[in-house]
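Working notes, structure below.
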Amino acid sequence: MKQIDLRNQMKKKKPTFIRQDTHKKKRLAKNWRKPRGIDSKLRLQLRGKGKLVKVGYKSPKAVRGLNREGLKEILVCNINDLNLIKEGMVGVIGSTVGARKKIDIIKKATEKKIKLANYTEEFIKKAEEKLKSKKEEQKAKADKKAKKVKAEKEEKKEDEKEKSASEQDTTKTEEEKKKELDKALIKKGAV
């Protein structure tokens with residue numbers, strides 16, 4: 001633990017390394033870029049112009065890559081990755097893992113008594129509630145859509161019935177007209 005304390009002390013003294021002239025231009029990001037200019041004051045390490053990144057600012061080799069508790073972090077993206085975690089390690093669930101898979105991973109980790117750095121059992125409760133509400137919403141949406149489709153089908157059937165009824169009416173009227181013409185012709189022929 002001494003080296004972790006040493007690393008923490010070193011980090012307190014470590015300056016923030018920012019890119020040269022980021023305060024002058026908005027388009028320049030604050031992330032570090034090595035100064036390469038021929039007249040660069042930062043490259044020449046002049047006083048008051050900022051600090052250069054150097055090997056001396058590195059943390060001790062024994063604790064490099066460890067978290068604050070002194071444990072090595074292993075990225076977990078599926079249940080099989082939990083097998084890679086051994087003593088002195090802690091799991092970190094990846095940010096791209098979906099909610100269902102996260103729940104499965106957390107449950108399996110609690111069964112195996114594996115420590116996860118970025119998720120707790122409270123997350124499971126919240127995520128399961130969220131998934132249930134989402135399922136209910138989807139079911140309600142599907143029911144609503146089914147009702148709408150059913151109503152449209154019924155409307156189509158009614159329209160078809162009306163069309164067929166109107167077609168029958170038009171055919172009857174045509175037949176009646178023919179009969180009337182026949183009667184009129186018969187009467188003319190008889191007179």
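The values are calculated or read from the model by the stated rules, or taken from the named source; none is laboratory data. Keep in mind that this is a model prediction, so the values were computed, not measured. A quick note on method: Cβ atoms are made from the backbone with ideal geometry, for glycine too, and the neighbour counts reach across all protein chains shown.
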(message) Just the residues that are exposed (fewer than 10 other Cβ atoms within 10 Å of the Cβ) and either touching a residue at least 40 places away in the same chain (Cβ under 8 Å) or within 35 Å of the chain's Cα centre (by Cα) (or both), please, taken from region 28-67.
(response) N31, G65
(request) For G70, indicate whether it is at pLDDT below 90, loosely packed, with under 11 Cβ neighbours inside 10 Å and either in contact with a Pro (Cβ under 6 Å, 6 or more places away or on another chain) or at positive phi (or both). (result) no
(request) With the condition kept exactly as written, say whether any residue in region 11-23 is of a type in the set (D, E) and at pLDDT 90 or above. (result) yes
(request) Would you check if there is a residue in region 83-96 being assigned to a helix (DSSP H, G or I) and acidic (D, E)? (result) no
(message) So, in region 121-164, exactly how many residues are over 20 Å from the mean Cα position of the chain (by Cα) and under 30 Å from L75 (Cβ atoms)?
(response) 2
(message) When the residues of region 83-110 are narrowed to those that are free of Cβ contacts under 8 Å to residues at least 12 places away in the same chain and over 24 Å from G65 (Cβ atoms), which ends up farthest from the chain's Cα centre (by Cα)?
(response) T110
(message) So K113 passes all but one of these: (1) closer than 30 Å to G65 by Cα; (2) under 26 Å from the mean Cα position of the chain (by Cα). Which condition number does it fail?
(response) (2)
(request) Give region 159-175 a look and list any residue that's of a type in the set (D, E) and modelled with pLDDT under 80, or say none. (result) E167, D169, E174, E175
(request) Run down T22, T16 and say which single residue is farther than 27 Å from E87 by Cα, under 36 Å from the mean Cα position of the chain (by Cα), polar (S, T, N, Q) and loosely packed, with under 13 Cβ neighbours inside 10 Å. (result) T16
(request) Being hydroxyl-bearing (S, T, Y) and within 30 Å of V63 (Cβ to Cβ) is the filter here, so list the residues in region 1-53 that pass it. (result) T16
(request) Determine which member of the set K130, K150 is at pLDDT 85 or above, surrounded by 10 or more Cβ atoms within 10 Å (Cβ to Cβ), out of contact with any Pro (no Cβ under 7 Å at 6 or more places or on another chain) and under 30 Å from I105 (Cβ atoms). (result) K130
(message) Checking S95 against (1) modelled with pLDDT under 90; (2) exposed (fewer than 10 other Cβ atoms within 10 Å of the Cβ), only one condition comes out false. Which one?
(response) (1)
